[in-house]
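Enquirer: Handing you this structure, nothing more for now.
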Amino acid sequence: AERDGETGDMIARRMRLLGPAYRLFYENPLRIERGSGVFLYDQNGEEYLDAYNNVVGVGHAHPRVVEAIAAQAARLCTHTRYVQEPILRYAEAILPGFGGQLAADGHIMFTCTGSEANDLALRIAQHRTGRNGVIITSEAYHGNSFLTAGLSPSLGRRSPLGQWVRQVPTPDSYRIPRDTMVPWFLEQVERQIDDLERHGNGLAAFICDSIFSSDGIYDAPADLLAPVADLVRRRGGVFIADEVQAGFGRTGRAFWGYRRHGVDPDMVTMGKPMGNGFPVAALVVRSDIVAGFGRDIRYFNTFGGNAVAIAAAQATLDILREEKLPENADRVGDYIRAGFARLQGRFPVIGDIRGVGLYVGVEMVTDPVSREPDGALAARIVNGLRDRHVLISATGVHANILKIRPPLVFTTGDADRLLLHAEALLEELAG
Ligand code: PMP
């Protein structure tokens, strides 16, 4: 597709000003000037269907969130060292939804990013247990801080892992038989706990994203994580659910991904959609787990939980609940998966369709028997859909898994538009 000279100049300026670490989406990068609901608009007012943005859960520029942010910014924006009602009201609104021990006596601590929330969770886990070891999945992403980058092998081979970080393989439901998955995974975790005890001072925490997004989007089996949490606790560690991707209704009516697994975590971290784009993130932690840390360590976060962030978070939570968006995520997500399942009959390069709620993974393979990943085909689909004004991306080590994760206000009509373009493109590519 065409690229105008002005956009080309902006890309060159961007490269010079922002440097090499800044990546753009798509072979033909998009210039975006405005968003509304599930749509983005470029400099010419052309509309794009956003089937990718999981930060704006309630939709781009939702008027109620915009109004809440603007009204609070006009009144006051200060930190958490004054007594203020809205932060208490938000905590009371959200804590009961965590279930189990967290709902009974949990605390919520506010940060600005998911990385910071995970960083804090790990510091609390290490303080609590007196140990350093952390177990993650093999393609995990948990953040961009020094500590969390060390828990993020998906940053690439040259990005060092922390010294006491151990990896377990991804629970790949496409390649590992269902009936062996749970015992197999438990054995992997146990082996790494043994290794940490042998070579270090043992296990502080197991942390995972319950939709395994950077690993390649794996939703199942839902009986996987509860026995892992039991094992981790038996061996003296804590279980941290990283809900930055799976939380806030993204994975459906359970609202939190771990609740679909029936786990009662020691800590939960969240971010991304929490303020519908306004930076706000948090850690929810059992009171007994954080008691010693709270006593021994001075903790303060200048912007975490500021009054404007809380206003954005409250409006977002109210909308998610009132508009029953987690239920919509289940309904429309299943509709998209059923649509791809129909396409799979005609296009066997669609190897697997998975996910839960509005988190859809479609794995592209060279052929369904060898199941060999086809990252080149996935890239052609991502770029081809972009040229058809439908925005998605790809994930996994081989970047061969289409990643479809629209705002939760996506309708079945929007899904039809996505599926029609996917079908036409697959026909074109099959030539
Ligand atoms: N955990 C997971 C599972 C994530 O996907 C991300 C962000 N992609 C983070 C943590 C880090 O969040 P942030 O970018 O807000 O620091």
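Enquirer: What is the Cα centroid distance between the range 56-90 and the range 331-374, reported in whole angstrom?
Expert: 39 Å
Enquirer: If you count, for each residue, the other Cβ atoms within 10 Å and average over each peptide, how do 25-34, 332-341, 221-230 line up from highest to lowest?
Expert: The peptides rank, most packed first, as 332-341, 221-230, 25-34.
Enquirer: Identify, among P86, A205, L151, the residue whose Cα sits farthest towards the positive end of the charge dipole of the range 63-322, taking +1 on the Cβ of Lys and Arg and -1 on the Cβ of Asp and Glu, with the dipole about the Cα centre.
Expert: Comparing the listed Cα positions along the dipole, P86 ranks first.
Enquirer: Another question, if that's okay. Where Lys and Arg each count +1 and Asp and Glu each count -1, what net charge lies around L196 among other residues with Cβ under 12 Å from its Cβ?
Expert: Overall, the nearby charge balance is +1.
Enquirer: E427 to F146: extension gain in nm, 0.36 nm per residue of separation minus the Cα-Cα distance?
Expert: Gain on extension, E427 to F146, equals 96.6 nm.
Enquirer: Can you give the FRET efficiency for E327 and R295, using 1/(1 + (r/R0)^6), R0 = 35 Å, r = Cβ-Cβ distance, to the nearest 0.05?
Expert: So, using R0 = 35 Å, E works out to roughly 0.25.
Enquirer: Now a separate question. What is the sum of charges around D367, taking Lys and Arg as +1, Asp and Glu as -1, for the other residues whose C-beta is under 14 Å from the C-beta of D367?
Expert: Charge balance near D367 sits at -3.
Enquirer: Show the residues, 5+ positions off or on another chain, whose built amide H is closer than 5 Å to the amide H of C208.
Expert: I240, D242
Enquirer: Still on this model: If a/c stays under 1.5 just call it rounded; otherwise compare a/b with b/c (prolate if a/b is bigger, oblate if not). Do that for the range 104-259, with a ≥ b ≥ c from the square roots of the Cα gyration tensor eigenvalues.
Expert: Rounded, since a/c falls under 1.5.
Enquirer: Taking the dipole about the Cα centre of the chain, with the C-beta of Lys and Arg at +1 and of Asp and Glu at -1, give me whichever of V397, A341, T137 is farthest to the positive side.
Expert: Sorting the options by dipole projection puts first T137.
Enquirer: So for each of 135-142, 174-181, 47-54 I average, over its residues, the number of other beta carbons within 10 Å; can you give me the resulting order with the highest mean first?
Expert: Most protected by this proxy first, the peptides run 135-142, 47-54, 174-181.
Enquirer: Between R234 and A73, take the C-beta separation as r, use R0 = 51 Å, and let me know the FRET efficiency to the nearest 0.05.
Expert: So, using R0 = 51 Å, E works out to roughly 0.60.
Enquirer: Can you list the DSSP H helices in the chain whose Cα atoms extend at least 20 Å along the helix axis and whose mean Kyte-Doolittle hydropathy is -1.0 or higher?
Expert: Helices meeting the span and hydropathy rule in the chain are 114-129, 307-322, 325-346, 412-430.
Enquirer: Going by the alpha-carbon gyration tensor, a ≥ b ≥ c the square roots of its eigenvalues, is the range 63-322 rounded (a/c under 1.5) or, if a/c is not under 1.5, prolate (a/b greater than b/c) versus oblate?
Expert: prolate
Enquirer: Please give the contour-minus-distance gain from D367 to R31: 0.36 nm per residue of separation, less the Cα-Cα distance, rounded to one decimal in nm.
Expert: Once the chain is fully extended between D367 and R31, it gains 117.4 nm.
Enquirer: State, as an integer percentage, the relative contact order of the range 63-322 based on alpha-carbon contacts under 8 Å between residues 6 or more apart.
Expert: Dividing the mean separation by the residue count of the range 63-322 yields 29 percent.
Enquirer: Something else about it: For the range 1-133, what's the relative contact order in percent, using C-alpha pairs closer than 8 Å and at least 6 residues apart?
Expert: 10 percent
Enquirer: Can you find, among S115, A254, T316, the residue sitting farthest towards the positive end of the charge dipole of the chain, where Lys and Arg contribute +1 and Asp and Glu -1 at Cβ?
Expert: Looking along the dipole axis, the top candidate is S115.
Enquirer: Same structure again: About the Cα centre of the range 63-322, what is the dipole size in debye to 20, counting +1 per Lys and Arg Cβ and -1 per Asp and Glu Cβ, all else neutral?
Expert: 440 debye
Enquirer: Take every DSSP beta bridge whose two residues both sit in the chain, then give the antiparallel share in percent to the nearest 5.
Expert: Beta bridges within the chain, antiparallel portion: roughly 65 percent.
Enquirer: Let me check I've understood the local charge: for R75, count other residues with C-beta under 14 angstrom from its C-beta, Lys and Arg +1, Asp and Glu -1. What total comes out?
Expert: -2
Here, each number is a calculation from the coordinates, and none is a lab measurement. Computed from a predicted structure; not experimentally measured. Glycine gets a Cβ as well: all are built from the backbone with ideal geometry, and neighbour counts include every protein chain shown.
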